[in-house]
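I have placed the structure first, in the form of structure tokens, so that the comments after it can refer back to it.
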2 protein chains.
Amino acid sequence: MDNLELIKSLARQSPTKIVLLVIDGLGGLPDPQTGKTELETASTPNLDHLVAGGICGMSDPVAPGITPGSAPGHLAIFGYDPLRFKIGRGVLEAVGIDFDLHPADIAARGNFGTIDEAGLVTDRRAGRISTDKSTELCRLLNGITIENTTVYVQPVKEHRFIAVFRGAGLAPDISDSDPQQLGVTPHTIKGLKPGSQKMANIANQFITHAKTILANHHPANMVLLRGFSSHPNFPTMNEIYQLKPAAIASYPMYRGLAKLVGMAVLKTGNIFEEEIATLKHNYHAYDFFFLHAKQTDAAGEDGDFNRKVANLEQIDNALKALIDINPDVIVVTGDHSTPAVLKGHSWHPVPVLLYSRWCRPDKATTFSESACLSGGLGRLPATRIMPLAMANALKLEKFGA
Amino acid sequence: MDNLELIKSLARQSPTKIVLLVIDGLGGLPDPQTGKTELETASTPNLDHLVAGGICGMSDPVAPGITPGSAPGHLAIFGYDPLRFKIGRGVLEAVGIDFDLHPADIAARGNFGTIDEAGLVTDRRAGRISTDKSTELCRLLNGITIENTTVYVQPVKEHRFIAVFRGAGLAPDISDSDPQQLGVTPHTIKGLKPGSQKMANIANQFITHAKTILANHHPANMVLLRGFSSHPNFPTMNEIYQLKPAAIASYPMYRGLAKLVGMAVLKTGNIFEEEIATLKHNYHAYDFFFLHAKQTDAAGEDGDFNRKVANLEQIDNALKALIDINPDVIVVTGDHSTPAVLKGHSWHPVPVLLYSRWCRPDKATTFSESACLSGGLGRLPATRIMPLAMANALKLEKFGA
């Protein structure tokens, strides 16, 4: 019996409420000047209050040494082992723009590219056309219908877009048209399994249509498709945890991920204070809230140590309002570390704090990497966070008699 | 997806260099007089320097409570789960004397034994004949050819030897001739799977030849073979990690293990200082170096606490030259603990330190069991050491988007 099956067999509904705050890229590394990480530098009285009354530890989103992308980092926190629950390339792109993917849809990652008169690919990114231009071209291609299948084409950024095929009897097991090299023609897409030839034919017809429509839009005179994949149809958080979960996130990627695990997505504003306000407004209607704070990761990626510190302080300040709501369980963690000195995601384990009246307290009194290192939760895989939150919310039955 | 597949999918080449020093039998137990372990007693300023600038922890080579042999202990550190990657008895003996095993070879563990006139085994160890005598007898048997298969016979120690069968179409799935009891005749070897009867016939013919040749060498007038096994053909470290790895070890067993995972084996001297000199001389040509220090284990096995302390200090002293080379990542650990008070390998977890500029520092400032217990790496399976080394060398791509 795996972790999810175990939890599913023990989960029960109850009136208690869980709030999970994911501070994106939370973990850091010391500033060489001060020897303190971003979190250790920031003044965070509200987080410290939660730590002092709760328990903390260090979590590995995937495994020690593995640097997670945002999708596996979040899936792990939601309790889904990211080595088992995988999201195809096309679907991930669709999720990234919060496209409303249906269970039977097939999504592909697309590039606008350039072909010459002989049909050979000369640029796989069409000179990195602007997002505006890409948006205009996607509008031309969006809604084409082939054999009762509608193709939804939506811009992502610059030359990148998604193509989502919605129809009956479509299978994702088809090859790419993107040859991933120059000087050759795009590949004809082929069915890779019995039953997937229909999808291959539709995709090839779409490409032919698109080529005609784009003929006068050099350098973006061709589409290159890859990573065809279907909605992963993960078990929902309601099925596993008996929760009624809601996501409050200002960035589309995180709303998309939340939808994949069956969360309701609530409308909110662009700043974290607004997310807390949204939580307060909807507090009666759900028993699990996933809040996402993005700015910390962006600051880390930019290598801006001080901005990450300021973002942490801003989040902390907004938490006063959350503490006043007094949820039964508050979990604060990150989907991965993003140390400003590394300017990117990293493999370093991520601080986690859990606050509830049923925590066995530890000695930690501040929320920091060094305090979490000797915290009462120890070092744990991120997939263990949800079972602990559920337990502290008294939402798990005893295992065995 | 298992750990190795995951790492393989993420590994990339880069100019950074990793040095892995295995101090054999590193972990210890306190001297009852002082309350300090061997490592805590030794003065180790260079190891302490690495700990202060790095991160440390405790590793379990196989699992808590399991005492590892040298082979599983090393395989785990190289990243190969020793419960999955197994080495047959015959192959392990061949590896132990650094025999140059070919991929299709079949190796057996051999004993010289004694049979009486009725052919019944009266001594399975031929009175533990001397290694000199065994070497002489092996010379008589070495190179016999049967059905185009050559049998290489090499002494190990006292009555022990290896017989390696090199030919075409040989299978390891055959029974033993060694009856493992007295008063019976040696067993006729049988094929245990379709296709292994040829190998059984050749082995039986070899035994008949050997019996004739040894007839006048009582008490060593018979050979007893067991543990027929083939080269495990593990994926190489190059295949998994994209590394160009080299082993520097003065003891044959460790060179043999290194070869099994595809390391180049460099010529070196018998003392640890020479291993560091070999590293320095070959530093440009490889990006991963496995150094092995043996004396600590031997001292522990002898129950000589003070000699183990002195050996640790000698290793530490030589490390100054390694630190001056300034590799990107230095890992120091052991393949198991060998506490002098236990006079043997033990199940106790093993100190591990990792030094790189990207470590998140912990509070440890000395290399000792007690410091490692609260180190930033926490307690981890030894198979996680390589992924961490790779991550710190910036040789792993991000997992997922």
Quick one: what pairs do we get from the range B:378-393, first residue closer than 14 Å to B:Ile240 by Cα and within 8 Å of chain A (Cβ to nearest Cβ), second open to solvent by 10 Å² or more (accessible area, probe 1.4 Å) and in a strand (DSSP E or B), C-beta under 6 Å, 6+ apart or different chains?
-> B:Met390/B:Leu396
Among the residues of the range A:194-210, is any without any contact (Cβ under 8 Å) to a residue 24 or more places away in the chain and of a type in the set (D, E, K, R)?
-> no
The range B:179-193, residues that are without any contact (Cβ under 8 Å) to a residue 40 or more places away in the chain, open to solvent by 90 Å² or more (accessible area, probe 1.4 Å) and touching a strand residue (DSSP E or B) at 6+ places or on another chain (Cβ under 7 Å) = B:Lys190, B:Leu192
Restricting the range A:1-37 to residues that are of a type in the set (A, V, I, L, M) and assigned to a loop (DSSP other than H, G, I, E, B), the one farthest from the other protein chains (Cβ to nearest Cβ) turns out to be A:Met1
Matching residues, the range A:320-339, being surrounded by fewer than 24 Cβ atoms within 10 Å (Cβ to Cβ) and of a type outside the set (Val, Ile, Thr) = A:Lys320, A:Ala321, A:Leu322, A:Asp324, A:Asn326, A:Pro327, A:Asp328
Single residue of the range B:180-197 satisfying the filter (touching a Leu at 6+ places or on another chain (Cβ under 7 Å) and not hydroxyl-bearing (Ser, Thr, Tyr)) that is nearest to B:Leu170 (Cα to Cα) = B:Pro186
Among residues belonging to the range B:346-369 that are farther than 24 Å from B:Asp297 by Cα and among the hydrophobic types (A, V, I, L, M, F, W, C), point out the one that is farthest from the other protein chains (Cβ to nearest Cβ).
-> B:Ala364
With (1) at pLDDT 95 or above; (2) within 30 Å of A:Ala200 (Cβ to Cβ) as the list, and A:Arg89 as the residue in question, which single condition is left unmet?
-> (1)
Scan the range A:87-139 for residues that are on the phi > 0 side of the Ramachandran plot and touching an Asp or Glu at 6+ places or on another chain (Cβ under 6 Å) and jot them down.
-> A:Arg128
If you scan the range A:38-70, which residues turn out to be in contact with a Ser or Thr (Cβ under 8 Å, 6 or more places away or on another chain), in a loop (DSSP other than H, G, I, E, B) and either more than 9 Å from chain B (Cβ to nearest Cβ) or without any contact (Cβ under 8 Å) to a residue 40 or more places away in the chain (or both)?
-> A:Thr44, A:Gly54
Positions within the range B:41-64 being under 26 Å from B:Tyr80 (Cβ atoms), open to solvent by 10 Å² or more (accessible area, probe 1.4 Å) and over 25 Å from the mean Cα position of the chain (by Cα), in sequence order | B:Ile55
Members of the range A:344-401 found to be under 21 Å from A:Lys308 (Cα atoms), open to solvent by less than 30 Å² (accessible area, probe 1.4 Å) and among the small types (Gly, Ala, Ser), listed by number | A:Gly344, A:Ser346, A:Ser368, A:Ala371
Where B:Glu38 falls short, out of the listed (1) under 19 Å from B:His345 (Cβ atoms); (2) acidic (Asp, Glu); (3) surrounded by fewer than 24 Cβ atoms within 10 Å (Cβ to Cβ) | (3)
Among (1) within 14 Å of another protein chain (Cβ to nearest Cβ); (2) in a strand (DSSP E or B); (3) farther than 18 Å from B:Trp358 by Cα, A:Cys372 falls short only on (2)
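The values are calculated or read from the model by the stated rules, or taken from the named source; none is laboratory data. Since this is a predicted model, take the numbers as computed values, not measurements. No Cβ is skipped: glycine too gets one built from the backbone with ideal geometry, and neighbour counts run over all protein chains shown. Surface areas here come from the heavy atoms of the whole protein model, side chains and all, with no ligands, DNA or RNA. Shrake-Rupley method; radii C 1.70, N 1.55, O 1.52, S 1.80 Å.
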